[in-house]
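The values are calculated or read from the model by the stated rules, or taken from the named source; none is laboratory data. As the structure is a computational prediction, the values presented were derived from the model and not from experiment. Every residue, glycine among them, receives a Cβ derived from its backbone with ideal geometry; neighbour counts consider all protein chains shown.
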Amino acid sequence: MSDHHSNQQHHILSNSMAAKIFGTLLVLTVVTVWVAQFDLGALNFTVAMLVASVKAALVCLFFMGLKYDHKENTVIFSTSFLFLVIFMILTFSDLLTRGDVYVKDMKKIIPDGAVATQSKSKYESPWVSNAELIAHGKELFAAQCVTCHGAGGGGDGVAAAGLNPKPRNFTVSDGWKNGRKPSAIYVTLTKGLNSMPAFASLPSDDRWALAHYVRTLGPHESEKDSPEDLRKSGIDASGGGSGGGEKQIPIGVAIDLMSQSR
């Protein structure tokens, strides 16, 4: 009974050994913080995992008493590290074959020639109003703008009460900071203004359609954009196109970028 009882006794870690292990853990913590100051690329993950594994092993062996436990328990616990190694190998095989995912400049991962010079419009001159553009703009306005600007464009939408400054009243001709010309409204939609967010994510044709429809909500002005107005707005009116000069990434490249950012 005495032998059996002695085998079940817990090992008491000496104060000197506890102090040594604690000091080692502190040193490894300092190493972790110090290494984090450097950009090692994919090695950042490797170093962090190695240091963390050493610290966990020290805690398990000494503070949890695994070093002094029965050998079969040590074997069972050590086997879990085998599965960890397998997991890390599979992870590294994926991570190290992705290419450079730690980039600071998007140009590094966009292939040469992947960016088109200008998106194409289905309209010959979208900056010139026509019935089709206005009708399309009306549909977009109902989906995108009514909440703030109201169904009639009076700036009295349901969300207007919580906005400062208040949404633009499209039914009056005064107070337009960028003007009421189609190009001015187009630029405002693209870049945003005050509390109104930018709608650059909308296709260029949609922004032109909205610009033309918004003008119909106020006084009917005969004033049109001159070539100089279009140039000042950064719009290339020569040879068709969107008139916005936007650069677009092909869908295939965009999907690759999204997969690399996850």
- Message: Condition check: at pLDDT below 75 and either part of a helix (DSSP H, G or I) or closer than 30 Å to Leu61 by Cβ (or both). Does Lys107 satisfy that?
- Response: yes
- Message: Quick check on my filter: what residues within the range 188-235 are closer than 20 Å to Asn130 by Cα and without any contact (Cβ under 8 Å) to a residue 24 or more places away in the chain?
- Response: Leu189, His220, Ser222, Ser226, Pro227
- Message: Out of the residues in the range 123-146 meeting the condition of being under 30 Å from the mean Cα position of the chain (by Cα) and among the small types (Gly, Ala, Ser), tell me which one is nearest to Lys181 (Cα to Cα).
- Response: Gly137
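Residue by residue, here is whether (1) assigned by TED's automatic domain parsing to the domain that holds Glu139; (2) modelled with pLDDT of 65 or more holds:
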site: Asp174; (1), (2): yes, yes
site: Gly179; (1), (2): yes, yes
site: Thr190; (1), (2): yes, yes
site: Leu202; (1), (2): yes, yes
site: Arg207; (1), (2): yes, yes
site: Thr216; (1), (2): yes, yes
site: Ser222; (1), (2): yes, no
site: Ala254; (1), (2): no, no
site: Gln260; (1), (2): no, no
- Criterion (at pLDDT below 80, outside the structural domain of Lys181 (by TED's automatic domain parsing) and not in a loop (DSSP other than H, G, I, E, B)) met by exactly one of Phe62, Phe81, Phe87: Phe81
- So how many residues does the range 147-183 have that are under 29 Å from the mean Cα position of the chain (by Cα), under 30 Å from Ser226 (Cα atoms) and not in a loop (DSSP other than H, G, I, E, B)? 1
- Message: Just to be sure I understand the filter: pairs with C-beta atoms under 6 Å, separated by 6 or more residues or on different chains, first member in the range 61-76 and hydroxyl-bearing (Ser, Thr, Tyr), second member loosely packed, with under 15 Cβ neighbours inside 10 Å and not in a helix (DSSP H, G or I). Which pairs pass?
- Response: Tyr68/His11
- Could you please give the count of residues in the range 140-183 that are aliphatic (A, V, I, L, M) and in contact with a Pro (Cβ under 9 Å, 6 or more places away or on another chain)? 3
